[in-house]
Amino acid sequence: MSNKSLATSAEKLCILVTGGAGFIGSHTCVELLAKGEDEARLKFYCANILDRAALESIFAENDIDAIIHFAGFKAVGESVAKPLEYYWNNIAGTLVLCDVSRAHGVKNIVFSSSATVYGEPEFIPITEDCPKHDATNPYGQTKSMLEQILTDLYVGDNEWNVVLLRYFNPIGAHESGMIGEDPKGIPNNLVPYVAQVAVGKLPYLNVYGDDYPTPDGTGIRDYIHVVDLARGHVAALDWMAGHVGTGEPIGLGSIKGEASPDETRRGVGIFNLGTGKGSSVLDVVHAFEKACGHEIPYEIKPRRAGDIAVNYAACDKAHSEMGWKAEYDLDRMCEDSWRWQSNNPDGYRSA
Ligand code: UD1
């Protein structure tokens, strides 16, 4: 069966968002709804991407045009302890998803990848041309392998339309304070940990290393507001539809526009989604202190295994090709993160 054209679809564009209840997925659903037309609707399914029968009925019940694929396990440390679970869920799950999708004539997919595919980067800022290197853990390997698998799908069948979005460090929350990041157990990532120290659930932050070759000795990352990141997915759908650069506003409205089918893009687009600006661990601590209005206690600890000193993106490609650019700065990210954490000290469990 040939692929659905995003450009000529007469009906309302219908996007399957896997992992749509997760941190990035939920914010992306909000942005998709905001860009949709008046009668934009959200349908929720609780199903596993490994469950072929469940996917079959979702595709049968809905006239899906494209997939944004977030569903996957994402904890680095856990992936080392549970490689089988990680490879099975992330890789096999994506294979089932693509197989069912293809059978329904849907070959448009935006995939949630990660800057982790660059491993120890060969140069900074990292452009999309920076060579990939082996990830040091199964989680990272699944991202890298899935990029390859999706690329091979296109090589074997040029009707596939694939966008690989390589995220840097997503933080922050929706400005409403109603949705945000809700890690299970003790957070592994910096900002959720800082937020729990700020709200009094954890006593102090461990700063992993102050002897890196950086201005204050702590690790530098490219933190990006989750709402900016979510908007990057809307821009990616638009890019797929071949509409960027036409001067039209970015959004779902333009995907459903008048472009002829041959304007619809086919291929594999790879984009970094970051801000292009590096911030140290202590920069984050200080920005969070400003947001919450009190000091964040911390202790310097040894470096964490597998961490690199400096990691930030060059995002010119996403800007020039998709018309997308991050808008929010670190202060805003911390303010929104704090609003979510202070309104919901126990995450969704307190709602
Ligand atoms: C990590 C993963 C990466 C994954 C990303 C998802 C590793 C090695 N990398 O990125 O594969 O895609 O999360 O969001 O785990 N830090 C502290 N104290 C803490 C936690 C972190 O000092 O309690 C420091 C780290 O050393 C690092 C920075 O904060 O310099 C950011 O860490 P983190 O938020 O875990 O993200 P990454 O390690 O960049």
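The values are calculated or read from the model by the stated rules, or taken from the named source; none is laboratory data. If you're wondering where the values come from, they're calculated on a predicted model, not measured in any experiment. Because the Cβ atoms are built from the backbone with ideal geometry, glycine has one as well, and the counts that use them run over all protein chains shown.
Laid out as a table, the results:
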read-out	value
Among the residues listed as K317, K325, the single one being among the basic types (K, R), surrounded by fewer than 18 Cβ atoms within 10 Å (Cβ to Cβ) and in a loop (DSSP other than H, G, I, E, B)	K325
Test: residue in segment 67-80 that is of a type outside the set (V, I, T) and touching a Pro at 6+ places or on another chain (Cβ under 7 Å)	yes
Test: residue in segment 99-122 that is within 24 Å of A71 (Cβ to Cβ), assigned to a strand (DSSP E or B), within 16 Å of the ligand (Cβ to nearest atom) and among the hydrophobic types (A, V, I, L, M, F, W, C)	yes
Boolean, R304 is within 13 Å of the ligand (Cβ to nearest atom), of a type in the set (K, R) and either surrounded by 15 or more Cβ atoms within 10 Å (Cβ to Cβ) or modelled with pLDDT of 95 or more (or both)	yes
Breaking point among (1) surrounded by fewer than 14 Cβ atoms within 10 Å (Cβ to Cβ); (2) modelled with pLDDT of 95 or more, for N89	(1)
Selection status of L153, touching a helix residue (DSSP H, G or I) at 6+ places or on another chain (Cβ under 9 Å), in a helix (DSSP H, G or I) and modelled with pLDDT of 95 or more	yes
Residue match in segment 187-194 (condition: aromatic (F, W, Y) and either under 28 Å from N108 (Cα atoms) or in contact (Cβ under 8 Å) with a residue 24 or more places away in the chain (or both))	no
Test for P170: is it modelled with pLDDT of 95 or more, out of contact with any strand residue (DSSP E or B) (no Cβ under 7 Å at 6 or more places or on another chain), of a type outside the set (D, E, K, R) and crowded, with 19+ Cβ neighbours inside 10 Å	no
Number of the condition not met by K143 [criteria: (1) more than 11 Å from the ligand (Cβ to nearest atom); (2) part of a helix (DSSP H, G or I); (3) among the charged types (D, E, K, R)]	(1)
Residue match in segment 199-221 (condition: assigned to a strand (DSSP E or B) and either under 16 Å from M333 (Cβ atoms) or more than 9 Å from the ligand (Cβ to nearest atom) (or both))	yes
Some residue of segment 124-135 being surrounded by 17 or more Cβ atoms within 10 Å (Cβ to Cβ), closer than 18 Å to W324 by Cβ and within 16 Å of the ligand (Cβ to nearest atom)	yes
Residue list for segment 92-123, restricted to those being buried (at least 17 other Cβ atoms within 10 Å of the Cβ) and over 30 Å from A54 (Cα atoms)	A115, T116, V117, Y118, G119, P121
Qualifying residue in segment 25-38 (condition: of a type in the set (D, E, K, R), surrounded by 19 or more Cβ atoms within 10 Å (Cβ to Cβ) and in contact with a strand residue (DSSP E or B) (Cβ under 8 Å, 6 or more places away or on another chain))	no
Identity of the residue in segment 165-191, among the aliphatic types (A, V, I, L, M) and more than 10 Å from the ligand (Cβ to nearest atom), that ends up nearest to W324 (Cα to Cα)	L165
Yes/no for A53 being modelled with pLDDT of 95 or more, farther than 21 Å from C315 by Cβ and away from the ligand (no atom under 16 Å from the Cβ)	yes
Residue among E295, E299, E289 that alone is within 13 Å of the ligand (Cβ to nearest atom), surrounded by fewer than 17 Cβ atoms within 10 Å (Cβ to Cβ), farther than 27 Å from E128 by Cα and among the acidic types (D, E)	E299
Meets criteria (over 20 Å from the mean Cα position of the chain (by Cα), closer than 23 Å to L237 by Cβ and at pLDDT 95 or above) for R102	yes
